[in-house]
1. Can you tell me how many residues within the range 93-128 are under 19 Å from the mean Cα position of the chain (by Cα), part of a helix (DSSP H, G or I) and either more than 22 Å from VAL64 (Cα to Cα) or in contact (Cβ under 8 Å) with a residue 60 or more places away in the chain (or both)?
2. Testing ALA84 on (1) in a strand (DSSP E or B); (2) in contact with a Leu (Cβ under 8 Å, 6 or more places away or on another chain); (3) not acidic (Asp, Glu), one condition comes back false. Which one is that?
3. Do the conditions hold for VAL64, that is, is it open to solvent by less than 30 Å² (accessible area, probe 1.4 Å), assigned to a strand (DSSP E or B), farther than 21 Å from SER8 by Cα and in contact (Cβ under 8 Å) with a residue 40 or more places away in the chain?
4. Does any residue in the range 29-42 that is under 10 Å from ILE128 (Cα atoms) come within less than 9 Å, Cβ to Cβ, of a residue that is at pLDDT below 95 and among the charged types (D, E, K, R) six or more places away or on a different chain, and which pairs are these?
5. Name, by its number, the condition in (1) of a type in the set (A, V, I, L, M, F, W, C); (2) more than 14 Å from CYS126 (Cβ to Cβ); (3) in contact with a Phe, Trp or Tyr (Cβ under 9 Å, 6 or more places away or on another chain); (4) not in a helix (DSSP H, G or I) that does not hold for MET78.
6. Go through the range 86-140 and report how many residues are acidic (Asp, Glu), over 15 Å from ARG52 (Cβ atoms), surrounded by fewer than 14 Cβ atoms within 10 Å (Cβ to Cβ) and modelled with pLDDT of 95 or more.
7. Which residues, counting only those in the range 67-85, are β-branched (Val, Ile, Thr), open to solvent by 50 Å² or more (accessible area, probe 1.4 Å) and in contact with a strand residue (DSSP E or B) (Cβ under 6 Å, 6 or more places away or on another chain)?
Amino acid sequence: MNKPIPQSHLDLLTRPIPGVLTTMLPDGQPQSSLVWCDFDGESALVNTSRERQKGKNMMCNPKVSLLIVDPQDTSRYMEIRGEAELAEENALEHLDQITRQYTKHPCYYGYVFPLEKRERESRIICRIHAKKITLDAIHK
């Protein structure tokens, strides 16, 4: 069962604010990546590929953390801890959609990342099923 994203912080997922996705390496060490994220009405979404380290990590261990900090008020943030469900269906379309949210480009491959690399990647959507959500700095 997903914990719901609080309405008070939903804008952190619907505005184009990069997040930090932390996954676990095979040796148990954390690995963090700056990511684009969005919201499907129920869960936070991140797009990556099976070939990138974070994709490999989530295939072995689905436990993740996503941290998003409001750039206009850095004491306002949301950390989502949970498990990633990985899906290939519509992943390229999702990638192009969030590319348009975060950049002025119409699509990812050929604009943000070289077009010739598209055939070497298997895109996946990482749907984060929230188990714990932490909001804001203590001193607030």
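1. Count: 8.
2. The one condition ALA84 does not meet is (2).
3. Details: open to solvent by less than 30 Å² (accessible area, probe 1.4 Å): yes; assigned to a strand (DSSP E or B): yes; farther than 21 Å from SER8 by Cα: yes; in contact (Cβ under 8 Å) with a residue 40 or more places away in the chain: yes.
Yes, satisfied.
4. none
5. (3)
6. 2
7. Filtering the range 67-85 for residues β-branched (Val, Ile, Thr) gives 68-69, 74, 80.
Filter once more, keeping what is open to solvent by 50 Å² or more (accessible area, probe 1.4 Å): 69, 74.
VAL69 - this is the single residue of the range 67-85 that is β-branched (Val, Ile, Thr), open to solvent by 50 Å² or more (accessible area, probe 1.4 Å) and in contact with a strand residue (DSSP E or B) (Cβ under 6 Å, 6 or more places away or on another chain).
The values are calculated or read from the model by the stated rules, or taken from the named source; none is laboratory data. Not measured: the values here are computed from a predicted model. Every residue, glycine as well, gets a Cβ built from its backbone with ideal geometry; the counts of neighbours run over all protein chains shown. Note: areas computed on protein heavy atoms with side chains; ligands, DNA, RNA excluded. Shrake-Rupley method; radii C 1.70, N 1.55, O 1.52, S 1.80 Å.
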